[in-house]
Amino acid sequence: MIREQGAGDRAAVEARLAAHLDQTMFPLTSLRTHGLVRGRFASPHDHAIRLWRIGDSLIAVTRAGMILPLLVGAPDLAGLPAALMGLKVTGAVGPAASARPVIAALGLTRLATATDRDEPGFALDLARLAQPDLPGTILRPIVPGDLPLVTGWRETYIGEVLGSTGPDARAKAEADIADYLTRDSHRLLLHNGKPVAMTGFNASQPEIVQIGGVYTPAHLRGRGYARRAVALHLSEARAKGVSRAVLFAASDAAAQAYRALGFQPTAPFTLFLLSSPTHICACP
């Protein structure tokens, strides 16, 4: 039986997500930030979620249309299209073992995609963080004066990693950077006073962070800047009591850099983005 969860279910849902913390940073952070109301989104924010339970499995959908699944075992997903009927969907992100069955059950595999790949997952106990030395580098928060530079970086990242370009990519870059400033989630690495890389946390909880939005301009890659930026930001988080970090790597070069910091492989993550939003119908 598929049942949408509401405010009265929040404690049980939060406990279940927290029990799979490495895999559920996105839905858990959204739940804790925006709450849960049956039948509607609890907040007008794009990251607010509605959430359905199937046995021990949970499937969240954000107001922006991203599916955030956690499957335990092999639940019967036949009724999922009817349960989610009418909802806007723009893509899915989550453990591949969870995301792929949900994408198929909703009939999304036949639609055009901007991005459709599985990326290697990594995790690190921050007590084991390796700190590479790179003289002349410092890490600092992004400030309003950085907006022209980092918005351009983010737009390029969106094109390279998410496959989106043009006005839509620019609008998303501007919205993302505005969110980074609001949350104080991202940092700039400076080398001899010049910005050379950006790093950040896509999601964070008191005990764990999920790294995301790491970027180095193409002409500066291969010099260890991203590795140094991530390490310094994780050191900052560790000083505040965070004990663990997770991520999924967008390239072999990124994976190599994360391994050098001590990250160990975990389950792969699916990143599935539709070329155009769709709405779920009951007959996929």
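Descriptive notes on the structure:
- Compactness check for segment 1-144: Cα Rg over 2.2 N^0.38 Å is 1.20.
- Neighbours of residue 38 by Cβ distance under 14 Å: Lys/Arg scored +1, Asp/Glu scored -1, total +3.
- Using the Cβ of residue 138 as centre and a radius below 12 Å, the other residues enclosed give a net charge of +3, where K and R count +1 and D and E count -1.
- Backbone HN-Hα couplings from phi across segment 176-189 [Karplus 6.51/-1.76/1.60, Hz, Gly and Pro as x]: 4, 5, 4, 5, 4, 5, 4, 8, 6, 9, 10, 9, 10, 9
- Compactness of segment 1-61 was expressed as the Cα radius of gyration divided by 2.2 N^0.38 Å, which yields 0.99.
- Peptide ranges 153-159, 248-254 listed from the most packed, as the mean C-beta count within 10 angstrom indicates: 153-159, 248-254
- Compactness of the chain, taken as the C-alpha radius of gyration over 2.2 N^0.38 Å, stands at 1.00.
- Per-residue ellipticity at 222 nm from helix content only, as computed over the chain with -39500 (n - 2.57) for each DSSP H run of at least four residues, stands at -9000 deg cm²/dmol.
Computed from the coordinates by the stated procedures, all read-outs in this text should not be read as laboratory data. The structure displayed is predicted, hence computed values, not measured ones. Neighbour counts run over all protein chains shown; Cβ positions are idealised from the backbone, glycine included.
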